[in-house]
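Accompanying notes for the structure given below.
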Amino acid sequence: MLGHNGVDKTMTDSQSSLDVPDLPSWAHPPSDMTAATRDIKAAIRARIEASGRSVEEVFGVVADLVSGRTDEIRSAEQASGTGWPVIDYSDLAAGTVSADSDSVVHRRGCLVVRGHFDHEQALSWDRQIVDYMDSNRFFEKYRGPGDDFFGAVDSKPEIYPIYWSHAQMQARQSERMAHVQAFLNSLWRNTSSGTERFEPHRNVLYPDRIRRRPEGTTSTGLGTHIDAGTFDLWMKAEYQQAFRHVFDGSIEQFDPWSAAHRTSGSQYPSTTMTSVFRTFQGWTALSDMAHDQGVLQTVPIPEAIAYLLLRPLLSDVADDDMCGMIAGQVFPVTERWHAPLLDALSGIPDIRAGDSVWWHGDMPHAVAPVTDQRGWGNVMYVPAAPWCPRNQTYAASALAALNSGASPSDFPDENYEQDWPNRFQPHELNHYGRQSLGLD
Ligand SMILES: [Fe+2]
């Protein structure tokens, strides 16, 4: 909680909910987004001011935290070469991760799992994916990105809409993946009044894409953004509840690790979206990657989402503007509006094929630019998304996509693999795969 980081003011839930104006909410995207933006911003301002504090004061609490953490991250980088926590898979599987390591992961919201998979296994998966794409002449047929989702951050990432290779499915339904996902899920505060909000040891199988970047690539990377949502983060009732302490002046009570109000509801529809509740987004490395070769960066501050949600409420942003957000495109984190967050960007250390990389589902992230890249930069995206009502709903649609070989419903309707004879078949699911699709 923010109050744990040197801020004295505390406020109870009951105090914070007294006599504060309700927020309007929109279960579906408002037909007039401009008017809705004006309305919700005015309502949140009024709600915060009813607490006796100004929006500037509440934002200042978060800005101070970001500034302090940024200093901490830079110190960690100087001391150890990276701001990222690193945990060996063997410790994680044996349950011997130290309390210190746990608390650093909580503070940074990200980690590298060393040796998640065997190095040779990961390199073999990389070759298998290439064979799978080549045998089906993917690069002759590829029509380019299926949407303009990353237009808001002026990027065209080298991400390919391949979902159903054996390599990807083997990783998704492996015991080693289940162990890591369970560890990550357990970092969230999951219970309320004795009721579990999600099952930490069971995940939904979430089919996502691959990134392949060849040697010699010169790329502008991928601009800083978040995946958690866009306008819906302010406008949908469930998110208003999840971020209630951000929106009602009790910012010190905001806990980015609380699963309350995260496990039902959904995002506003878009051609690229995240229907599921992800405790962590992640990828598994399929090639060795040096830290200076255009790799992933995060703003390793889980509370950064509060900064992003409060920033448009300040007086220098027009009443109908959410700091440059565009409907249907990714949530941009920009120099113009969020410069202190970009100052905190911290890149991953050197990675070997088979390591995995994880970051809190709300956290800003980017891919750094690179010139004449040394080595390949190949990954497959596999998140941690624990079993809960929201994710169970998506499991049914993921299973339907597996059966037909279609692109999953969270992604553009590109459907390259439907007639590929060597894609993964449902009868090849093991126990973990079946469980994660709701079949066992
Ligand atoms: Fe992203």
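The values are calculated or read from the model by the stated rules, or taken from the named source; none is laboratory data. Note that the coordinates shown come from a computational prediction; the quantities given were computed from them, not determined experimentally. In this analysis, Cβ positions are derived from the backbone assuming ideal geometry, glycine residues included, and neighbour counts consider all displayed protein chains. What goes into the accessible areas is simple: the full protein's heavy atoms, side chains included, and nothing from ligands, DNA or RNA. Shrake-Rupley method; radii C 1.70, N 1.55, O 1.52, S 1.80 Å.
Key figures
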{"quantity": "Listed peptides 369-379, 135-145 by packing density, highest first (mean Cβ within 10 Å)", "calculated": "369-379, 135-145"}
{"quantity": "14 Å Cα-Cα reach of K156 towards aspartates and glutamates, excluding residues that sit fewer than 8 places from it in its own chain", "calculated": "D147, D148"}
{"quantity": "Computed E for S90/D64 - FRET, C-beta separation, R0 35 angstrom, nearest 0.05", "calculated": "0.35"}
{"quantity": "Per residue value of the accessible surface for the chain (all protein chains in place, 1.4 Å probe), Å²", "calculated": "39"}
{"quantity": "Burial order of peptide ranges 116-129, 241-254, 426-439 (average beta-carbon count within 10 Å, highest first)", "calculated": "241-254, 116-129, 426-439"}
{"quantity": "Listed peptides 357-367, 166-176 by packing density, highest first (mean Cβ within 10 Å)", "calculated": "357-367, 166-176"}
{"quantity": "Solvent-accessible surface (1.4 angstrom probe) belonging to S192, in square angstrom, nearest 10", "calculated": "40"}
{"quantity": "Whole-percent carbon and sulfur share, accessible surface of the chain, 1.4 Å", "calculated": "48"}
{"quantity": "With DNA, RNA and ligands ignored, accessible area of W26 (1.4 Å probe; Å², nearest 10)", "calculated": "50"}
{"quantity": "Debye, to nearest 20: dipole size of the range 70-121, +1 on Lys, Arg Cβ, -1 on Asp, Glu Cβ", "calculated": "160"}
{"quantity": "Nearest-ten-degree value, helix 33-49 long axis tilted from longest Cα axis of the chain", "calculated": "50"}
{"quantity": "Förster radius 35 Å - calculated FRET efficiency between S54 and T220 (Cβ-Cβ, nearest 0.05)", "calculated": "0.35"}
